[in-house]
Amino acid sequence: MARQLSRPSGPSRLSRRQFVVYSLAATTLTVAAPLGCDAATAEGAEKAAGPDGERGPSDVLVTGTDAEMLVLEVTPANKVVVRLPRVEVGQGVTTAVAMMIAEELDARLVDVDIPLADARSKGNQFTGGSSSVSSLYGPARQLAATARAKLVTAAARRWRVPARTLRTRGTRVYGPDGRSATFGSLTRSAAPITRPAVPSTPKPASKHRVIGRPTTRIDARDIITGKAKYTGDLTAAGAKPTVVARPPTLGGKIVSVDDAAARAMPGVHAVVRFDGGVAVVAETFHHAFQARDALRVKWAPGPLANLSDAQIRSRLRAAVPKLGTPPRGSAQTEAEFEFAFVSHAPMEVLTAVADVRDGRAEIWFSSQTPQSAREEIASLIGVPAAKVRVHVLRGGGSFGRRLNHDAAIEAAVISKKARRPVKLMWSRSDDIRHGRMRPASHHHIRASHARGRVVAFAHATAQVSESSGERGLSAQGGSRAPAAAPLPSDSGLYNFGRLSGDSGSIDLAVPLGAWRSVDSGTVRTAEEIVVDEIARSLGKDPVAFRRTTLRSKTVKAVLDKVATAGKWGRTMPRGHGQGVAVHEEYGSCVACLVEIDAVDPKNPRVTKVVMAADVGTAVNPRGLQAQLMGTAVDGISTVLLAGLHIDKGAVRESSFADFHYARGRHSPLHFEAHIMPSRRDPGGAGELGVPAASGAVANAYARATGRKPRRFPLNF
């Protein structure tokens, strides 16, 4: 199912009974918590250490059988280090985890470091499905609580006082007489303690002082000053800049290559032909691009060379399963919707450094699935997975793009063929024209109503599925879009009587990938538009209608919040309108209210966005507000502006000049996000807001113009 593209394969959270934290032999205090395994697995890992407890030298991360662990170390320098088995791609997960650790350890946030873990052989390193905070919330807090108990016990033994009389704050332990010691000074004596003298249970929510407080990202200064390092900043292994000449059509193949002129150019080290194209390795990217443009390549057209948007839309429409017979005596509100392909277009283009030689490989890149990447790279270049080391770096955006590892696979292949380390960079044009995209889809929805209420709701869909035909290396690391996608209406968000639906697909040799919010970004958008149209046909206000039909009190609460804060129903000038939509997923819910200026219907501008979300415990409300702002921009972009055309087997767009993602002039002049108070464990948030924002933008446009939006983006 498509939604599984953004879900880990194993369990994402553990019950209290299953959760185990234990100490590891080390010269400093190091404790570990297993992620995604049960108690038996954890105990087995502990016993797997040698008879003397030795697990291999490391300053930060204990290695060996602890590959699946979330590991915390307190260093002599009074730093708390947790090497994170997730990737930071701008969503703020490192800050959220640092806050969890600082909360339970009573450490200063500035003393907590959250570097990213290399690909491991076991465990869960999947970043996706809005699952990172919810899956780490229990383990990270328990980890820090265990470390704190050991440190307090070590201080009590040193000072010969009862441990219960000691207190912790600011990365220090304080005695009843006022003396204090840094955590770092206690780490060696705390390391061997197996039975702490104080409880090691996490704090109740009522005592949280860090979790729940709006906090600036711990890496904010590094990002804005340029100190933060991305793959493109690396000089690892002396890797040389590398670019690729790619076919003009999707899946095109090389017929012949004349590289004489390119090889003769200054600064060129190698020209390598491989399945995905022709790579040029040079002294600088300037030299590489110049030499790439000097190549004379004859291409055979790809399998879609005779196919364009009109035919794809027609085939999708025909692939939508027929809806069943509506209930007798009911009236119908019916609509069909088309959604175009959409590029992920992260601000940092795909980049990977690879050093493949002497039967081993070392790769540096930003990955949401580093373990899968290591396995696939090993298989493709013909070396054991144990000989492939993958270093995970922060990414400059993803939105699902870095679930796939196209660039890393290409870099590894090119490095092996060139017999030298390479730094491969996809250009913006490469990623938009040859990269992965959200599949185009078609939707048919019918709501049956009688006596003022909906008695049946049917939603049938069809979307493009990636065919298994050969497409070269860019097909590696991908996930096929499925033939049957789940429908969020199946969860019964609304009391709409009998729910039904089916899905179909058409197979095309198009590179597809999970795009932020996966199916919900189209399915729920279409459904929320229809909810507005049902309300209109019944003569009811859209907010009032939702309130009487929503099943969840929590969803009603976020809807009420945006209606009040956004002044729903206020008088709007001619050509302006309000729209609203809700969404529930990941154990969380959200509502969005949008105001739009559509005086010129061809150039609408969203002027105001108000969002409210209930995600359980919001570890960092400021980070959540930023996430919601990002989803609002996604909704504005994909509904009004941004999509990809297919023209005779080629993607027409090639840059931000024609792939029209929202810029400053398209963004709302006013934005506010309300975080609902809750003491539930965290749910998901990163993708949550996209469907609600998209639906609200479309509904605002409809109310402002009197038109019924059916094809997205509207400018197509």
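Since every read-out is calculated from the coordinates, none of them should be taken as a lab result. This is a predicted model, so every value here is computed, not measured. Glycine gets a Cβ as well: all are built from the backbone with ideal geometry, and neighbour counts include every protein chain shown.
Check which residues have an amide H placed less than 5 Å from Ser588's amide H, if you skip close sequence neighbours.
Excluding prolines and chain starts, which carry no amide H, the hits are Gly684.
Once you have the Cα-Cα distance between Arg710 and His670, take 0.36 nm times their residue separation minus that, and quote the gain in nm to one decimal.
Separation in residues times 0.36 nm, less the Cα-Cα distance, equals 11.7 nm.
Using θ = phi - 60° and the Karplus curve 6.51 cos²θ - 1.76 cosθ + 1.60, what whole-Hz ³J(HN,Hα) does each residue of segment 609-618 get, with Gly and Pro shown as x?
Calculated HN-Hα couplings, in order: 9, 10, 10, 9, 9, 10, 10, x, 5, 8 Hz.
If r is the Cβ-Cβ distance from Met265 to Ser654 and R0 is 35 Å, what FRET efficiency results, to the nearest 0.05?
That gives a FRET efficiency of 0.90.
Which longest uninterrupted range of the chain lacks any GluC sites (Glu not before Pro) assigned by DSSP to a loop state (not H, G, I, E or B) and surrounded by at most 16 other Cβ atoms within 10 Å?
My reading of the result: 471-716 is the longest stretch.
Under 5 Å between amide hydrogens, which residues at least 5 positions from His645 or on another chain qualify, with H placed 1.01 Å from N in the peptide plane?
Arg652, Glu653
For a Förster distance of 41 Å, can you work out the FRET efficiency between the beta-carbons of Ala197 and Ser121, rounded to the nearest 0.05?
Approximately 0.70, to the nearest 0.05.
For segment 411-457, just list the percent of Cα-Cα distances falling in each 5 Å bin from zero outward, please.
5, 14, 10, 10, 11, 8, 6, 6, 6, 7, 6, 5, 5, 3, 1
Just subtract the alpha-carbon distance of Thr235 and Ser429 from 0.36 nm times their residue separation and send over the number in nm, one decimal.
Using 0.36 nm per residue and subtracting the Cα-Cα distance, I get 67.4 nm.
Loop-only check: which trypsin sites (Lys or Arg not before Pro) in segment 93-187 are DSSP coil with at most 15 other Cβ within 10 angstrom?
For trypsin sites (Lys or Arg not before Pro) across segment 93-187 that sit outside H, G, I, E and B with at most 15 neighbouring Cβ atoms in 10 Å, the list reads Arg108, Arg160, Arg179.
Work through the residues other than Gly232 whose Cβ is under 12 Å from its Cβ and net out their charges, Lys, Arg +1 and Asp, Glu -1.
With Lys, Arg at +1 and Asp, Glu at -1, the neighbours total +1.
Taking the Cβ of Glu528 as the center, what net charge do the other residues with Cβ under 12 Å away carry, scoring Lys and Arg +1 and Asp and Glu -1?
-2
When DSSP assigns beta bridges and you keep just the ones with both residues in the chain, what percent turn out antiparallel, to the nearest 5?
75
Using the alpha-carbon centroid of each, what span in Å lies between segment 96-162 and segment 318-381?
If you average the Cα positions of each part, the centres end up 32 Å apart.
Ratio of the chain's C-alpha Rg to 2.2 N^0.38 Å, to two decimals?
Compared with the compact-globule rule of thumb, the chain sits at 1.01.
With θ taken as phi - 60° and the coefficients 6.51, -1.76 and 1.60, list the Karplus ³J(HN,Hα) couplings across segment 427-434 in order, rounded to whole Hz; mark glycine and proline as x.
Along segment 427-434, the couplings run 6, 4, 4, 4, 6, 6, 8, 10 Hz.
Averaged across orientations, what area in nm² does the convex hull of the alpha carbons in segment 437-712 project?
Result: a mean projected hull area of 15.2 nm².
Where does the chain land at 222 nm, in deg cm²/dmol rounded to the nearest 500, when only DSSP H runs of n ≥ 4 count, each adding -39500 (n - 2.57), divided by all residues?
-8500 deg cm²/dmol
Explain nothing, just compute: Karplus ³J(HN,Hα) = 6.51 cos²θ - 1.76 cosθ + 1.60, θ = phi - 60°, for every residue of segment 442-453 in order, whole Hz, x for Gly and Pro.
Coupling constants for segment 442-453: 10, 10, 10, 10, 9, 10, 9, 10, 8, 6, x, 9 Hz.
First select every other residue whose beta carbon is under 13 angstrom from the beta carbon of Asp219; then total the charges, Lys and Arg +1, Asp and Glu -1.
With Lys, Arg at +1 and Asp, Glu at -1, the neighbours total +2.
By how many nm would the segment from Thr165 to Asp681 grow when fully extended, if each residue of separation counts as 0.36 nm and the alpha-carbon distance is taken off?
Full-extension gain reported as 182.7 nm.
Based on the Cβ-Cβ distance from Lys387 to Asp293, what FRET efficiency comes out when R0 is 35 Å, to the nearest 0.05?
0.45
Any idea how far apart Asp177 and Ser500 come out in nm if each label point goes 7 Å out from Cα toward Cβ?
So the label points at Asp177 and Ser500 sit 8.1 nm apart.
What is the set of long-range amide H partners of Val455 at a cut-off below 5 Å, with H atoms built 1.01 Å from backbone N?
Ser448, His449, Ala450
Please report the relative contact order for the chain, taking Cα pairs under 8 Å with a sequence separation of at least 6, and give it as a percent rounded to a whole number.
14
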